[in-house]
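First the structure, in the form of structure tokens, and then the observations on it.
The values are calculated or read from the model by the stated rules, or taken from the named source; none is laboratory data. A quick note: this is a predicted structure, and the numbers were derived from the prediction, not measured. All Cβ positions, glycine included, derive from the backbone under ideal geometry; neighbour counts span all protein chains shown. Please note that ligands, DNA and RNA were not included when accessible areas were found on the heavy atoms of the full protein model with its side chains. Shrake-Rupley method; radii C 1.70, N 1.55, O 1.52, S 1.80 Å.
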Amino acid sequence: MLSQTTPLIIALDYASLDAALCMADQLDPARCRLKVGKELFTRSGPAVLEALHGRGFDVFLDLKFHDIPNTVAGAVQAAAEQGVWMVNVHASGGRRMLEAARERLDAQRFRTRLIAVTVLTSLERQDLAEVGLDVTPESQVERLAQLARQAGLDGVVCSAQEASRLRELCGETFLKVTPGIRPAFARQGDQRRVASPAEALAAGSTHLVIGRPVTEAKDPMAALEAIEREL
Ligand code: C5P
């Protein structure tokens, strides 16, 4: 499987550049992409992107930008200039922020995928009520996914449980990037609403974000191959 076609994105949730590269060196850039999140990027900065790109990996920079339109446009441009494959922003930043990010990438002819986070899975109805949103998380997810699509974004981060509804609302080609994946061989850990890789793809997920089932495996590449077989 070439990285152009694999749905697998391995989350490099490490506190240091060394630890992240140690894991990357056990993985094959032709078989998976990598996700760099806030902790690793805040500690190691653009050096981690350079090191991973140098090893041939596509990188999803998961920094979930949320700010005024001009600032977010500048941030996604900076990510694109560093060659990342995918970057994300919070859909709750609003239509003008989403459009500004989209327009900036298009104006500079970057092909970086731009996706949105809808509602963080850590938020329940009560949490939304506390910040003044009298809605269910499910309806807010749908609302924000449609807003992201209208603003021209390439997709959203969503759970496997949300993927089939979002496929109906936003279409097949709208990217649905799904964490909370637990292959048959892995423990559930602290993830609550989990799906197997095959279940998530059947539900409409286009990409699967997988962390500990691969990164904590004795043989990460063997774990990745087991996931490919499950697919
Ligand atoms: O180790 P695990 O497979 O649970 O890692 C999942 C990755 O996806 C982590 O980087 C986590 O921060 C991220 N994520 C998540 N649930 C969300 C959004 C992102 O687990 N709702």
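Ignoring ligands, DNA and RNA, what accessible area per residue does region 8-230 give at 1.4 Å, in Å²? Walk me through the intermediate numbers first.
Working: 10450 Å² over 223 residues.
That works out to 47 Å² for each residue.
Note down the Stokes-Einstein diffusion coefficient of region 136-217 in µm²/s, whole number, using a Kirkwood radius over alpha carbon pairs, 4 °C, and 1.567 mPa s. Working shown, then result.
Details: Rh = 13.0 Å.
After rounding, the answer is 100 µm²/s.
If you place +1 on the Cβ of every Lys and Arg and -1 on the Cβ of every Asp and Glu, how big does the dipole about the Cα centre of region 8-230 come out, in debye to the nearest 20?
Details: 27 positive and 30 negative charges, 53 e Å.
That gives region 8-230 a dipole magnitude of about 260 debye.
In region 8-230, what percent of the accessible surface is made up of carbon and sulfur (1.4 Å probe, ligands and nucleic acids excluded)?
Values: 4910 of 10450 Å².
Percent of accessible area from carbon and sulfur atoms in region 8-230: 47.
Ignoring everything except DSSP H segments at least 4 long, calculate the 222 nm mean residue ellipticity for the chain; use -39,500 (n - 2.57) per segment, divide by total residues, nearest 500.
Values: 11 runs with 103 residues, N = 231.
Roughly -13000 deg cm²/dmol at 222 nm, from the helical runs in the chain.
Rolling a 1.4 angstrom probe over the protein chains, ignoring ligands and nucleic acids, what is the accessible area of residue 13 in square angstrom, nearest 10?
Number for this one is 110 Å².
Setting aside same-chain residues fewer than 8 positions from residue 35, which lysines have a Cα under 18 Å from its Cα?
64, 176
So between residue 42 and residue 131, what do we pick up on full extension, going 0.36 nm a residue minus the alpha carbon distance? Walk me through the numbers on the way to the answer.
Numbers: separation 89, 0.36 × 89 = 32.04 nm, distance 2.71 nm.
Contour length minus the Cα-Cα distance gives 29.3 nm.
Using the basic label-point model (7 angstrom from Cα toward the beta carbon), what is the residue 120 to residue 81 distance in nanometres?
Roughly 2.9 nm, to one decimal.
Just name one of 84, 155, 24: the one whose Cα is farthest towards the positive end of the charge dipole of the chain (beta-carbon charges, Lys/Arg +1, Asp/Glu -1).
155
On average, how much area does the Cα convex hull of region 79-220 cover when viewed from any direction, in nm²? Could you put the intermediate results ahead of the total?
On the way: hull surface 38.3 nm².
About 9.6 nm², averaged over all directions.
Taking 8 Å as the Cα distance limit and 6 or more residues as the minimum spacing, I'd like the relative contact order of region 8-230 as a percentage. All intermediate terms of the calculation are to be shown ahead of the outcome.
Numbers: 396 pairs, mean separation 38.2, N = 223.
In percent, rounded to a whole number, it is 17.
Rounded to the nearest 10 Å², what accessible area does residue 205 show when all protein chains are kept and the probe is 1.4 Å?
It works out to around 10 Å².
What ranking of 6, 215, 121 comes out by heavy-atom accessible area, probe 1.4 Å, highest first? Can you show the working numbers first?
Working: 6 5, 215 25, 121 115 Å².
Largest accessible area first, the residues go 121, 215, 6.
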